[in-house]
């Protein structure tokens, strides 16, 4: 048995012990674990944004624990076993990669690039019973991530602009419609048009091969750093932000901006 198998079986054994002996672990259900799993996923996302490999390793371990935990509960409910979870994803991967694993009775599927792989993937999912290429996008995804996934899915059936210049034209068109909505004073229409601007900007980010969600999160982190630094600098001058003018705060902000990344 290799080291990976040994390590995985060790985790499974620990999970069995905890479920039997630990009051907290015994009490958990799929519903009580749900929020914790979401938090762990976001912690992994944070570590990825920071390229924190030590953090990524730790958070992957936490997520793996959750997978084993759900499988343990599934087995207790006679719903499914850990073996079925693992073999299920193995079979799915084999079925959806006919360019690597030729289907029985046919030859190896040829693909030219990663885009053709994704296109074949969507076609296979429709054959598996999916009613729409968009049906695999979870409803509970954060809106920006959902926009990215929806656009990527639509792309696989050819619903896509040809150039980034065309996409930018669409951004400007949506921007103009937003300005018209603002001028109308109709709050509902403003929100609708603002959503269109966001959606078109996410599309433009894709054409730049940039991760819109990660780009915004980097800006969030940058803002937090600079704002808290501004608070610190103001205190050094014996001031509180709420007692300062916007110009005074802006002066400190610009000093920080030009001396930090």
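The values are calculated or read from the model by the stated rules, or taken from the named source; none is laboratory data. Here the structure is a predicted model, which means the values were calculated and not measured. Virtual Cβ from ideal backbone geometry, glycine too; neighbours counted across all protein chains shown.
Only one of 238, 185 is exposed (fewer than 13 other Cβ atoms within 10 Å of the Cβ), at positive phi and in the same structural domain as residue 173 (by TED's automatic domain parsing). Can you tell me which? Let's see the steps before the verdict.
Working: 238 fails: in the same structural domain as residue 173 (by TED's automatic domain parsing).
Just one listed residue meets the conditions, 185.
Every residue, every condition in (1) modelled with pLDDT of 85 or more; (2) more than 21 Å from residue 211 (Cα to Cα); (3) touching a strand residue (DSSP E or B) at 6+ places or on another chain (Cβ under 6 Å), yes or no:
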site	(1), (2), (3)
105	no, yes, no
143	yes, no, no
180	yes, yes, no
184	yes, yes, no
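Restricting attention to segment 106-155, the residues being without any contact (Cβ under 8 Å) to a residue 40 or more places away in the chain and assigned to a loop (DSSP other than H, G, I, E, B) number 22.
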